[in-house]
Amino acid sequence: DMKVTQMPRYLIKRMGENVLLECGQDMSHETMYWYRQDPGLGLQLIYISYDVDSNSEGDIPKGYRVSRKKREHFSLILDSAKTNQTSVYFCASSLRQRQNTLYFGAGTRLSVL
Amino acid sequence: GMPVEQNPPALSLYEGADSGLRCNFSTTMKSVQWFQQNHRGRLITLFYLAQGTKENGRLKSTFNSKERYSTLHIKDAQLEDSGTYFCAAEDTNAYKVIFGKGTHLHVLP
């Protein structure tokens, strides 16, 4: 069963704390993505990873960094979280970068107080 | 304008009705995907199209790259079809997937 797993599902942090969002996939997909979803804005791409240690900024990378040390894992890190980073974060993967279906995780709801 | 424009922003229809959602693109896109986001927030892949038309049960989607649009038709709407539908198109030149803002669909009993 093809799956993208996100942990944790819910997270509450205080402003200035560090945040680590984890994503795993069991499909040996090359490409992985981090999006955030805010009301009225749809999904915005934060970072894309083409493979291990091959990451590229998306449309809104500021305030975020990523790590991909194994093909099946892609982490999103917020160093010193801000209140405007309160959002729902989605991880996705696709077999390759181009012309491939995106598979999404269930999302992580992050609240920064 | 927006690279991916979805219409309508919101739609209500009764059970059993048919309806269509549309995405217009400001530039030539290489492919399109349609997703349903259910009441739990989960994004479910409905279709991936590089061209032409695909059908799956009560759903049918068409992508016309040259005319810069894609449609999603829902036949015989059911309560569980309620949710937000997103189209996401792959930009030919920028090598990235761009999402529309979604259509909120409410199916009424």
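The values are calculated or read from the model by the stated rules, or taken from the named source; none is laboratory data. Computed from a predicted model, the values in this text were never measured in an experiment. Cβ: placed from backbone, ideal geometry, glycine included. Neighbour counts: every protein chain shown.
List of remarks:
- Some residue of the stretch B:72-88 being at pLDDT 95 or above, of a type in the set (Phe, Trp, Tyr) and closer than 22 Å to residue B:2 by Cα: yes
- Across the stretch B:14-24, the qualifying residues are those that are surrounded by 13 or more Cβ atoms within 10 Å (Cβ to Cβ) and at pLDDT 95 or above, and the one among them that is farthest from residue A:102 (Cα to Cα) is B:17.
- The lone exception for residue A:101 - which of (1) in a strand (DSSP E or B); (2) facing chain B (nearest Cβ under 9 Å) it fails: (1)
- So residue A:71, is it more than 26 Å from residue B:85 (Cβ to Cβ), in contact with a strand residue (DSSP E or B) (Cβ under 8 Å, 6 or more places away or on another chain), among the basic types (Lys, Arg) and free of Cβ contacts under 8 Å to residues at least 60 places away in the same chain: yes
- Across the stretch A:104-113, the number of residues qualifying as surrounded by fewer than 16 Cβ atoms within 10 Å (Cβ to Cβ) and not in a strand (DSSP E or B) comes to 1.
Here is a yes/no grid of residues against (1) away from chain B (no Cβ under 14 Å); (2) assigned to a loop (DSSP other than H, G, I, E, B); (3) among the polar types (S, T, N, Q):
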position	(1), (2), (3)
A:15	yes, yes, no
A:35	no, no, no
A:63	yes, yes, no
A:80	yes, yes, yes
A:92	no, no, no
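- Residue count, the stretch B:93-109 (criterion: within 16 Å of residue B:35 (Cα to Cα) and either more than 14 Å from every other protein chain (Cβ to nearest Cβ) or part of a loop (DSSP other than H, G, I, E, B) (or both)): 5
- From the options B:67, B:90, B:80, residue that is closer than 22 Å to residue A:100 by Cα and not in a loop (DSSP other than H, G, I, E, B): B:90
- Candidate set: the stretch B:26-60, residues that are among the β-branched types (Val, Ile, Thr) and surrounded by 15 or more Cβ atoms within 10 Å (Cβ to Cβ); chosen: the one nearest to the other protein chains (Cβ to nearest Cβ): B:45
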